[in-house]
Structure formats: structure tokens, C-alpha cells
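As C-alpha cells, the structure follows; a few thoughts come after it.
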Amino acid sequence: MENCVFSDVYSEFFPFWGALSESDRATLCRSSVLMKYPRGTNIHDGSECTGVILVRSGCLRVYMLSDEGKEITLYRLYAGEICILSASCVLNSITFDVFVDAEEESECCIVGGCAFADISAKVAEVKIFALETTVGRFSDVMWVMQQILFMSMDKRLAIFLLDESAKTGSDTVKLTHEQIAKYMGSAREVVTRMLKYFASEGIVEVSRKGIAILDKPKLRKLV
């Protein structure tokens with residue numbers, strides 16, 4: 001295993017690594033590739049078993065796409081996080097398609113889905129890890145669905161702006177109205193109208209530089 005360039009990474013981020021035999025570890029390493037993706041690259045288009053994705057750096061966006069081309073962002077993945085939904089051959093019970101794009105320039109380890117599935121079938125720790133990771137992500141998915149189905153647009157947009165501000169560490173959200181609409185699964189016109197309302201209330205300031213949050217307490221009250 002000394003020659004496996006992935007061994008140190010997997011031992012840190014795969015809790016089941018210590019339960020694998022040397023042979024199984026070697027199989028996972030042989031089936032793995034290190035990939036670098038420019039911003040905006042589609043990594044998984046939902047049609048095939050791309051494999052298990054471990055993010056080394058950057059940020060990935062996982063989303064669903066309707067027949068009409070409408071996107072709904074389910075969650076984002078950052079360094080050290082893992083995507084199982086891109087490996088449909090690992091969990092056959094997953095019957096819906098997700099798409100994965102590089103939201104930033106990203107580096108990822110891709111573990112071959114078939115190899116991961118074979119080892120998962122015989123090593124309980126791997127199966128448990130895959131299920132727990134998927135269940136954790138379904139909590140994120142259900143939160144998104146709850147917002148879409150039961151929350152008003154002003155509350156959803158307030159949540160989005162606060163989350164983006166927290167992620168970037170900035171009070172200015174540097175996204176276009178079109179991008180925000182895409183991430184929220186809404187229409188650009190709706191986002192623009194709601195931002196105009198927020199601006200009239202002194203909550204935000206909209207400019208070409210982005211959306212500056214002026215009154216976070218007032219924004220939190222909407223949530």
C-alpha cells in the first residue's frame with residue numbers, strides 16, 4: 001500500500017478504511033483517479049455511475065434538473081465532503097437523478113462505483129458508511145423541499161442570503177439574480193422583485209457589485 005497515492009487521503013476521510021483488507025484497499029486505490037475541474041464543469045450528468053466523489057479542494061453543487069430545464073440546488077460539497085448520489089450503482093434504491101457541477105475550480109478523488117459497490121457488498125462498515133452519508137444528505141434535500149413547498153419567497157430569499165454571507169464571510173453576495181434564481185429553483189423576475197422589496201425596506205442594497213446586506217437583524221426576523 002505504500003505506493004497508493006490515495007491511501008493517506010482515504011485513511012483520513014473514509015472511517016471504514018481500517019476495516020478493509022490490504023487487497024480491498026488496493027482495489028479502491030486502483031479504481032481511483034485524481035481529477036481537476038475548472039469552474040462550471042459538469043462532473044456528473046445523472047445518466048451513469050460516475051463514482052464516489054471525495055472533494056479535495058473547491059466546491060461542488062449538487063442539483064436536480066426538470067424536463068423544462070429548471071434547476072433546484074440540493075446542497076453544496078466542500079473540501080473533505082463526499083458525494084454518494086453520483087454513484088447510483090452503489091445504492092440501487094436511489095431512483096432519481098442528480099447532477100453535479102464544479103461551482104469553483106475543484107480537485108476531487110473519484111472512486112470507481114463498481115469497485116466501491118463490490119466492497120460495500122461484503123464489508124458491513126463500507127455499506128453503513130454509504131447509507132449514513134446518503135441519509136445525512138437527504139436531510140439537506142428535505143430542508144430544500146420544505147422551503148420550496150411551505151415557505152414564502154421572502155423567507156426563502158432571506159435564508160439564502162444569510163447562508164451565502166456565512167459561507168463567504170462577506171456581507172456582499174456576489175451572485176446575479178439569474179444565479180440566485182437557479183440555486184433557489186425560482187424565476188429571475190421573482191428574485192428581482194423580492195430584492196427590490198428588500199432594498200425598499202433598507203435590508204439590502206443592490207448594485208453591479210452584488211447584493212450588500214445592510215440590516216442582518218431585520219433579515220433574520222424574516223426567517
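Quick rundown of the values:
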read-out	value
All positions within region 100-117 that are surrounded by fewer than 18 Cβ atoms within 10 Å (Cβ to Cβ) and closer than 25 Å to Asp24 by Cβ	Glu107, Cys114
Number of positions in region 87-102 that are assigned to a loop (DSSP other than H, G, I, E, B), out of contact with any helix residue (DSSP H, G or I) (no Cβ under 8 Å at 6 or more places or on another chain) and either modelled with pLDDT of 90 or more or hydroxyl-bearing (Ser, Thr, Tyr) (or both)	2
Within region 50-73, tally of residues that are within 18 Å of Lys167 (Cβ to Cβ) and either outside any strand (DSSP E or B) or touching a Cys at 6+ places or on another chain (Cβ under 8 Å) (or both)	4
Number of positions in region 104-121 that are assigned to a helix (DSSP H, G or I) and either touching a residue at least 24 places away in the same chain (Cβ under 8 Å) or under 16 Å from the mean Cα position of the chain (by Cα) (or both)	8
Qualifying residue in region 135-152 (condition: touching a residue at least 12 places away in the same chain (Cβ under 8 Å) and among the acidic types (Asp, Glu))	yes
Search result, residues across region 1-49 that are aliphatic (A, V, I, L, M) and either free of Cβ contacts under 8 Å to residues at least 12 places away in the same chain or touching a Cys at 6+ places or on another chain (Cβ under 9 Å) (or both)	Met1, Val5, Val9, Ala26, Leu28, Val33, Leu34, Met35, Ile43
Residue check for Lys182: free of Cβ contacts under 8 Å to residues at least 40 places away in the same chain and at negative phi	no
Residue, surrounded by the most Cβ atoms within 10 Å (Cβ to Cβ), within region 1-43, restricted to residues that are in a loop (DSSP other than H, G, I, E, B) and of a type in the set (S, T, N, Q)	Ser31
Some residue of region 155-168 being of a type in the set (A, V, I, L, M, F, W, C), within 20 Å of Val100 (Cα to Cα), open to solvent by less than 20 Å² (accessible area, probe 1.4 Å) and in contact with a Lys or Arg (Cβ under 8 Å, 6 or more places away or on another chain)	no
Selection within region 127-154 - of a type in the set (Ser, Thr, Tyr) and exposed (fewer than 13 other Cβ atoms within 10 Å of the Cβ)	Ser139, Ser152
Single condition Ala124 does not satisfy, out of (1) of a type in the set (A, V, I, L, M, F, W, C); (2) open to solvent by less than 10 Å² (accessible area, probe 1.4 Å); (3) within 21 Å of Ser31 (Cα to Cα); (4) out of contact with any Asp or Glu (no Cβ under 9 Å at 6 or more places or on another chain)	(2)
Pairs with Cβ under 7 Å, 6+ apart, first in region 78-103 and more than 9 Å from Gly46 (Cβ to Cβ), second open to solvent by less than 40 Å² (accessible area, probe 1.4 Å) and modelled with pLDDT under 80	Ile84/Val90; Ile84/Leu91; Leu85/Ile94
Considering residues of region 199-223 that are open to solvent by less than 90 Å² (accessible area, probe 1.4 Å), touching a residue at least 12 places away in the same chain (Cβ under 8 Å) and of a type in the set (A, V, I, L, M, F, W, C) only, the residue nearest to Leu175 (Cα to Cα)	Ile211
Enumeration of residues in region 58-67 that are open to solvent by less than 50 Å² (accessible area, probe 1.4 Å) and in contact (Cβ under 8 Å) with a residue 12 or more places away in the chain	Gly58, Cys59, Leu60, Arg61, Val62, Tyr63
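The values are calculated or read from the model by the stated rules, or taken from the named source; none is laboratory data. Since the model is a prediction, treat every value here as computed from it, not as a measurement. We place every Cβ from the backbone using ideal geometry, glycine too, and count neighbours over all the protein chains shown. In case anyone asks, the SASA skips ligands and DNA or RNA and just uses the protein heavy atoms, side chains included. Shrake-Rupley method; radii C 1.70, N 1.55, O 1.52, S 1.80 Å.
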